[in-house]
Amino acid sequence: MTKPQEVDAAQMRARYPEVFERPASARLATPAMIVAAFAILIYGLVDLDFSPSRFFAGLSQLGWISLMMIPPDPGSSLPIYLKALGETLSIALLGTTLGALFALPVSLLAARNIVPSSILRFPVRRFLDSIRGVDTLIWALVWINVVGLGPFAGVLAIAVSDFGAFGKLFSEAFEGADQKQVEGIRASGGSALHEIRFGLLPQVLPVIAGQVLYFIESNTRSATIIGIVGAGGIGLQLAEQIRVLEWQKVSFLILMILVAVAAIDFISGKLRFAIIGRRAVA
Amino acid sequence: MTTAVSILPQQQLAVLNAAYRQAVARRRLRLLLGAVIFAAALVLAAIGAEVNLRTLFTYFGNFLSYFDRILTLDNGQRVWTDVGEWFWGWRKWLKMLGETLLISYVGTLIGATFAFCLNFLAAENTSPAPWLRFVVRRLLEFARTVPGIVFALVFVIAFGLGPMAGVLAIAIHSTGALGKLFSEIVENADMKPVEGIRSTGASWLSCMRFAVVPQVTAGYASYALLRFEINVREASVMGFVGAGGIGQELVVAIRKFYYSDVSAILLTIVVTVFIIDIATGWLRGHLFGKEART
């Protein structure tokens, strides 16, 4: 065994300068980025009229509002609120299902392994992208113009914005499917229909079902807010009570929304686990 | 190489076949039951939301004709024949668009800063006290579950109309969402450096600063960029309740049936969202490599 060689630090430093000393550009990059980020922040605060006096006045106002929210109390309108909550859940369920139904055929057109021609695929994908680029609330406003105020506009708004999201997700599910099973069925003499039914669908359906369930969950949240622009459900009640400053009712409605969202989260989590678990077994 | 497939005796085969059929039948029954429950829920929902299929198809025509109308100028021509007329208000819209981007930027940064301060308290492995973790987690959950626009509605009343309410609403919602994601990153961090630093007698704060933060900054920045992308969409609708941004222009155009304006503003928003998507995607890929993108 040889003794570890004594090294001269100064010599090593001279030989490998890049290890001992990072170049100035690398050392300055992070602080420069942070300074730039906060400079834009300051500019933004000034540009958006953030004055300290306004901020603190608003804060004390907010404190009063919070005090007036206690205790949450529905008054005599509990049945109306429960009905509105039911309406919200209905909007989420129907909207998601409609969106999924319409998205399924379109997603086939956007999947690389089903439509190999990129000339056909490209416009379909961009179309789906631009639908997704528009927020659900905007779709709700558009549909209110078309079908009038009410929950029906909400259903259609959620359906359209989900259509964009599902089209992309489903096509990714199709692209992610294993081709070996399809080939196996072809090798054993199956027709094209058999290939899809026994080779593709068993792989893709659990994925799709899981995604649909997840969207029902997240759409319960969206459905609570589209009422704010007049598309039915509990958001309508919430916006109204905020505008007339009935803070006890507002806090009750917010609590109701939180409980409903938590319940749906719980149920859909269980269901999704059941579906994915079955897939792992099969 | 050939392998012989052994043929099972008839009796054994029958038993296996029966077992297989039973398993398949059970699965089919379960599937059928699920489908029936789902269909029943749909019918209930349709009654609740006052929907029937016939009205859907009659209205679908209206939907298409609505798009026909928003793509037509006042003089009856298609919008793209006269882009100057179509985007007549581009100066104002660009200014509002800038305001929207600024709202989402400031909101995201404030939210990310708060989330950064709170997430170490919420993470399982770094929280100094269980009661503190419980309180911070519930707070973050509340901020995350109440939709941003509901905060905006309340803040518009407290802080007055204008972008300030929108910024604060986005900041609070982002704090909730990012706080959870950040604390999940911290929970996945390697605890050996923390032990190393604690063994030198360092305080909790220096443990976080020198052992945890270097491991997690890339993940934080990646999530914050993703959040910025989401917040741009969110900020584009904040104007609906009077909380600033381009949503204000859009809601006026939609409610007052200024058809060609609707399509012009929508197009502006969609293009901006595209550009932001691509830019943040590129930035995340560039800064943190492929693995940080998920």
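Read the figures in this text as sums done on the coordinates, not as results from a lab. In this text, all values refer to a predicted model and were calculated from it rather than measured experimentally. With ideal geometry, Cβ positions are generated from the backbone for all residues, glycine too; neighbour counts draw on all protein chains shown.
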Legend entry - Student exercise, segment B:36-99 dipole from Lys, Arg, Asp, Glu Cβ charges, in Debye to nearest 20: 80
Inset, instruction - Please name which of B:ALA279, B:ALA123, B:PRO193 has its Cα lying farthest along the dipole of segment B:87-293 towards the positive end, using unit charges on Cβ (Lys, Arg +1; Asp, Glu -1) and the Cα centre as origin. - result: B:ALA279
Legend entry - Computed magnitude of the charge dipole of chain A (debye, nearest 20; Cβ of K, R +1, Cβ of D, E -1): 620
Inset, instruction - Select from B:GLY179, B:ALA253, B:GLY162 the residue farthest towards the positive end of the dipole of the protein assembly as shown; place +1 on Cβ of Lys and Arg, -1 on Cβ of Asp and Glu, and compute about the Cα centre. - result: B:GLY179
Legend entry - Convex hull volume per residue for segment A:125-193, taking Cα atoms only, in Å³: 114
Legend entry - Electrostatic dipole magnitude of segment B:87-293 [Cβ: Lys, Arg +1; Asp, Glu -1; Cα centre; debye, to 20]: 200
Legend entry - Residue order, fewest to most surrounding Cβ atoms within 10 angstrom, among B:LEU161, B:LEU33: B:LEU33, B:LEU161
Legend entry - Residue order, fewest to most surrounding Cβ atoms within 10 angstrom, among B:CYS207, B:CYS117: B:CYS117, B:CYS207
Inset, instruction - Would you kindly calculate the translational diffusion coefficient of segment A:78-281, applying Stokes-Einstein with the Kirkwood radius from alpha carbon pairs, for 25 °C and a viscosity of 0.890 mPa s, and quote it in µm² s⁻¹ without decimals? - result: 133
Inset, instruction - Evaluate the relative contact order of chain A (contact order divided by residue number), counting alpha-carbon pairs under 8 angstrom at least 6 apart; express in whole percent. - result: 23
Legend entry - Inter-label distance for A:ASP129 and A:LEU201, nm, one decimal - labels placed 7 Å from Cα along Cα-to-Cβ: 3.3
Legend entry - All-pairs alpha carbon distance profile, segment B:87-293, 10 Å steps from 0, percent: 9, 30, 30, 19, 9, 3, 1
Legend entry - Pairs of Cα atoms farther than 18 Å apart, segment B:29-91, %: 63
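Between B:GLU195 and B:ILE278, what FRET efficiency follows from the Cβ-Cβ distance if R0 is 35 Å, with the result rounded to 0.05?
Once rounded, the FRET efficiency stands at 0.25.
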Legend entry - Theoretical gain in end-to-end length, A:ASP8 to A:PHE38 [0.36 nm per residue, Cα-Cα removed]: 6.5 nm
Legend entry - Violating pairs (Cα-Cα greater than 32 angstrom) within the set A:LYS168/B:LYS92; A:LYS83/A:LYS270; A:LYS168/A:LYS270; A:LYS180/B:LYS180; A:LYS249/B:LYS92; B:LYS95/B:LYS256: A:LYS168/B:LYS92; A:LYS180/B:LYS180; A:LYS249/B:LYS92
Legend entry - For segment A:199-207, Karplus couplings with θ = phi - 60° (6.51, -1.76, 1.60), whole Hz, Gly/Pro x: x, 8, 4, x, 7, 8, 4, x, 4
Legend entry - Two-decimal log10 I(q)/I(0) for the protein assembly as shown, as the Debye equation yields it once each C-alpha is a single scatterer, q = 0.13 Å⁻¹: -1.51
